[in-house]
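Notes for the one structure printed next.
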Amino acid sequence: MQRVRRAALAPDLHTYLNDKQQEIDTARARGENPDITSKWKSARQTQSMTSVLNALQSMMGKRGRCMYCVDSHGCDIEHFRPKSPFPEWMFQWQNLLLCCTECGRLKGSKFPLHDDQQPLLIDPCVEDPWDYLDFEIETGRMSARYILQLNDYSNKGLKTVEILQLDRREGLAESYKRTYKRLKQCISNYLETPSATQDDLVDHLLEADDHGLLGWCFKGTGQNEAPFSALKSQQPDAWQHCLTAFSDY
């Protein structure tokens, strides 16, 4: 996963979503029980919702990957809070994500909550996934991050991994391993090439990162792994340059 910055939505699309949400809210306020599935299917066929999908895809850059696995093409609109149990969030822009077929199938209507009713699923548009997740370099799988202050694994990380099966999808793991190998090579090449510029390093890393691993490598526990640890200790200016470049990553 990776941190995703939510883009501003065009005013006409905001108006469209607000109007559709108002229809649902008004019906429920009257004591009616609107057919949520039918309402969504009908709206999904409109040009406005196609434009909303395009806006979500643009948030993932030229690759247009799923916001959960960052591996497969993001092909559909996902409700972070599922639309049936949370109809009040059905057309809320901040509740809409981009997902692939596999992640959409796995998540479905699952939405675990903490005792305080806060979500136990990572929202990549609200928080940095690597605050809760770790990457296993040997297997390429994701796991829950161990939180030293809690002396335990992140509950949010555990639930996200469980629901999306981030530790069981072999094809996904192989893709992450290949990306990590490319990122390591970028760092090694930079350390071995005195003439390389810091901007070149950033460009090469961004080009190599197909799966949002730069957040783990520079801000997560990956910074303790070679050759990232070598860059941090031997080239502190270059390390800081990368941190600044990836501050929104």
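Overview of values
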| read-out | value |
| --- | --- |
| Positive-pole candidate from L166, I187, P236, dipole of the chain, charges at beta carbon | L166 |
| For peptides 239-245, 211-217, 99-105, sequence by mean Cβ density within 10 Å, most packed first | 211-217, 99-105, 239-245 |
| Dipole moment magnitude, nearest 20 debye, the chain about Cα centre, only Lys, Arg, Asp, Glu C-beta charged | 600 debye |
| Orientation-averaged projected area, Cα convex hull of the chain (nm²) | 14.8 nm² |
| Highest average packing first - 78-86, 108-116, Cβ atoms within 10 Å | 78-86, 108-116 |
| Positive-end extreme of charge dipole, the chain - chosen from Q223, M1, Y249 (charges on Cβ) | M1 |
| From phi via Karplus (6.51, -1.76, 1.60), per-residue ³J(HN,Hα) for the stretch 224-234 in Hz, x at Gly/Pro | 8, 9, 6, x, 5, 5, 5, 4, 5, 7, 8 |
| Point-charge dipole on Cβ atoms (K/R +1, D/E -1) for the stretch 11-107, about Cα centre, debye to 20 | 240 debye |
| log₁₀ of I(q)/I(0) at q = 0.15 Å⁻¹ - the stretch 132-242, Debye sum with one point per alpha carbon | -0.67 |
| Cut-off under 5 Å, modelled amide H: who pairs with D76 long-range | C99 |
| Long-range Cα-Cα pairs in the stretch 11-107 (distance over 19 Å), rounded percent | 41 percent |
| Over the chain: helical MRE at 222 nm, DSSP H runs n ≥ 4 each giving -39500 (n - 2.57), nearest 500 | -14000 deg cm²/dmol |
| Positive dipole terminus of the stretch 11-107, leading residue within L98, P87, A43 (C-beta point charges) | L98 |
| Mean Cβ neighbour count within 10 Å, used as a protection proxy, ranking 170-176, 195-201 highest first | 170-176, 195-201 |
| Pairs beyond 18 Å (Cα-Cα), from K62/K159; K184/K219; K41/K62; K184/K232; K62/K181; K39/K83 | K62/K159; K41/K62; K62/K181 |
| Rel. contact order, % - alpha carbon contacts under 8 angstrom, at least six apart, the chain | 19 percent |
| The chain: DSSP helices with Cα axial extent of at least 20 Å and average Kyte-Doolittle hydropathy no lower than -1.0 | none |
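Read-outs throughout are calculated quantities, based only on the coordinates presented, and are distinct from any laboratory measurement. Every value quoted in this text rests on a predicted model; they were computed, and no experiment measured them. Note that each Cβ is placed from the backbone with ideal geometry, even for glycine, and that neighbours are counted across all protein chains shown.
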